[in-house]
1. Name the residue that is surrounded by the fewest Cβ atoms within 10 Å (Cβ to Cβ), counting only residues in the stretch 1-16 that are free of Cβ contacts under 8 Å to residues at least 40 places away in the same chain and among the aliphatic types (A, V, I, L, M).
2. Failed condition for residue 24, given (1) open to solvent by 70 Å² or more (accessible area, probe 1.4 Å); (2) at pLDDT 95 or above, with all others met?
3. Residue check: is residue 19 open to solvent by less than 70 Å² (accessible area, probe 1.4 Å), small (Gly, Ala, Ser) and over 19 Å from residue 108 (Cβ atoms)?
4. Collect the residues in the stretch 38-65 that are of a type in the set (Ser, Thr, Tyr) and part of a strand (DSSP E or B), keeping them in residue-number order.
5. So which residues in the stretch 45-57 are open to solvent by less than 70 Å² (accessible area, probe 1.4 Å) and either hydroxyl-bearing (Ser, Thr, Tyr) or over 15 Å from the mean Cα position of the chain (by Cα) (or both)?
6. Looking at the stretch 66-121 only, could you name the residues that are assigned to a loop (DSSP other than H, G, I, E, B), buried (at least 16 other Cβ atoms within 10 Å of the Cβ) and hydroxyl-bearing (Ser, Thr, Tyr)?
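The values are calculated or read from the model by the stated rules, or taken from the named source; none is laboratory data. All values reported here derive from a predicted model rather than from experimental measurement. Glycine gets a Cβ as well: all are built from the backbone with ideal geometry, and neighbour counts include every protein chain shown. When the accessible area is computed, the model is the full protein with side chains, heavy atoms only, and any ligands, DNA or RNA have been set aside. Shrake-Rupley method; radii C 1.70, N 1.55, O 1.52, S 1.80 Å.
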Amino acid sequence: MLQKILIVDDHKVFGESIASVLRSKYEVKEVTSVDKALQVRSVFLPDLMITDLQLPEKDGLWLIKTIREKDGEAKILVLSSMTNHATIHKLLQFEVNGFLNKNVSSLDLLNAIQKIIEGEYCCSYRLILCL
């Protein structure tokens, strides 16, 4: 049985592109809003959620906080272009399992996903330098 990944990104073409890269190895669903993510997550039960931070209405930080309150063990990878100090520290507070800049290669994304599913933490080197 394939592991499940939920992608949350309001840029539909970006979410679909990520999904097409992942579908050879994972069962994937993509959504474009926080509300839809919470709805799909409760039924789909993903092994990993990949989310952007800049989302309409409620942002990715709100989504992460809401999921953490319900499920402290949920695996969450943030894939975003927001890499400022305040954002990175907030992600560390919410104990996300990894964060990558959106300019990451497909191979690096696949490697990060595998590491996180196996229980490791994954962060791009450039983001570590921001700490």
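1. The initial filter retains those residues of the stretch 1-16 that are free of Cβ contacts under 8 Å to residues at least 40 places away in the same chain, namely 1-2, 12-13, 15-16.
Narrowing further to those that are among the aliphatic types (A, V, I, L, M): 1-2, 13.
Working: 1: 4, 2: 12, 13: 8.
Top of the filtered list is 1.
2. For residue 24, the failing item is (2).
3. Values: open to solvent by less than 70 Å² (accessible area, probe 1.4 Å): yes; small (Gly, Ala, Ser): yes; over 19 Å from residue 108 (Cβ atoms): no.
For residue 19, the condition - open to solvent by less than 70 Å² (accessible area, probe 1.4 Å), small (Gly, Ala, Ser) and over 19 Å from residue 108 (Cβ atoms) - is not met.
4. 51
5. Those that are open to solvent by less than 70 Å² (accessible area, probe 1.4 Å) and either hydroxyl-bearing (Ser, Thr, Tyr) or over 15 Å from the mean Cα position of the chain (by Cα) (or both): 51, 56.
6. Scanning the stretch 66-121 gives a single hit, 83.
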